[in-house]
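Worksheet: one structure, shown below.
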Amino acid sequence: NTLLCTLFFSALAVSAVEPFQTRVQFLSGMSRQDAVMWEFKAESGRNSGIWTNIAVPSCWEQEGFGIYRYGQDKNPPNVQAIYRRKFQVEPFGNERVRLCFDGVMTDADVKVNGHSAGPVHAGGFSPFSFGITSLLKPGENEIEVDVSENSAIPDINASERLADFWLFGGIHRPVFLEFLPAEFIDRIAVD
């Protein structure tokens, strides 16, 4: 009986605590219809070598940059480009902040306020994120993403780039910040 009463009152105490709501701040649009402009410079191909603006998310070929190519090229060009964007962050107290990308084609080297956010991410179709709490400050911040259309990893190029379709480069899916509690469950699975 004592154990049941303890469990019951513990459950009541937990249910009375205000649940934390993860906040999301988009740095891009959700789709082409509400894309956000970022600073952009392609290193080769069409309209290269100059700083301009590009919609994010998008594929740079569709925005007038880079080189259109088909997946079975024997010696494919490797267009590289730099994306930059300044953004504001409200004070975030003891929350943890994660920078999330839903897709970048193909390798992405990410910096926040001039500091590396983590290792280069390889693979154009998989979402990825970095814990960037220590790199952010309240107020204005800057993100820079160096993108290589071809991966430095041969297996990724073989699986994603040598195919029977047109290949594109760029930040082609949404980019956002997640504000999380100091301690949180990242993922749960039930079997």
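The values are calculated or read from the model by the stated rules, or taken from the named source; none is laboratory data. Nothing here was measured: the structure is a model prediction, and the numbers come from that model. Heads up, the Cβs are rebuilt from the backbone with ideal geometry, glycines too, and the neighbour counts pull from every protein chain shown. Side chains included, ligands, DNA and RNA excluded: accessible areas come from the protein's heavy atoms. Shrake-Rupley method; radii C 1.70, N 1.55, O 1.52, S 1.80 Å.
If I filter region 40-59 down to residues being within 20 Å of Lys86 (Cβ to Cβ) and in contact (Cβ under 8 Å) with a residue 40 or more places away in the chain, which single residue comes out as surrounded by the fewest Cβ atoms within 10 Å (Cβ to Cβ)? In this case the residue turns out to be Lys41. Would you mind stating whether Ile188 is open to solvent by less than 20 Å² (accessible area, probe 1.4 Å) and more than 26 Å from Phe65 (Cβ to Cβ)? Here the answer is no, as Ile188 does not meet what is asked.
Taken over region 63-83, the residue count meeting the criterion of being surrounded by 12 or more Cβ atoms within 10 Å (Cβ to Cβ), modelled with pLDDT under 90 and either polar (S, T, N, Q) or part of a strand (DSSP E or B) (or both) is 3. Just so you know, in region 84-121 the residues that are assigned to a strand (DSSP E or B) and among the β-branched types (Val, Ile, Thr) include one that is farthest from Ile153 (Cα to Cα), and it is Val89.
Please go through region 154-191 and give me each residue that is part of a loop (DSSP other than H, G, I, E, B), among the hydrophobic types (A, V, I, L, M, F, W, C) and in contact (Cβ under 8 Å) with a residue 40 or more places away in the chain, ordered by number. Walk me through it before giving the result.
Filtering region 154-191 for residues part of a loop (DSSP other than H, G, I, E, B) gives 162-165, 168-169, 172-174, 181-191.
Now restrict to residues that are among the hydrophobic types (A, V, I, L, M, F, W, C): 162-163, 165, 168, 182, 184-185, 188-190.
Correct list: Leu162, Ala163, Phe165, Phe168, Ala182, Phe184.
Restricted to region 127-151, and to residues there that are acidic (Asp, Glu) and open to solvent by 30 Å² or more (accessible area, probe 1.4 Å), the residue that is nearest to Asn78 (Cα to Cα) is Asp146. Please verify whether region 105-126 includes one or more residues that are modelled with pLDDT of 95 or more, under 23 Å from Asp34 (Cβ atoms) and surrounded by fewer than 18 Cβ atoms within 10 Å (Cβ to Cβ). Scanning region 105-126, I find no residue that is modelled with pLDDT of 95 or more, under 23 Å from Asp34 (Cβ atoms) and surrounded by fewer than 18 Cβ atoms within 10 Å (Cβ to Cβ), so the answer is no.
What are the residues in region 84-104 that are open to solvent by 30 Å² or more (accessible area, probe 1.4 Å) and of a type outside the set (D, E, K, R), if any? So that I can check it myself, show each step before the final result.
First, the residues of region 84-104 that are open to solvent by 30 Å² or more (accessible area, probe 1.4 Å): 84-86, 88, 90-91, 93-94, 96, 98, 102.
Across region 84-104, the qualifying residues are Gln88, Pro91, Gly93, Asn94.
Scanning region 138-153 for residues that are touching a residue at least 60 places away in the same chain (Cβ under 8 Å) and outside any loop (DSSP other than H, G, I, E, B) yields Ile143, Glu144, Val145, Asp146, Val147, Ser148.
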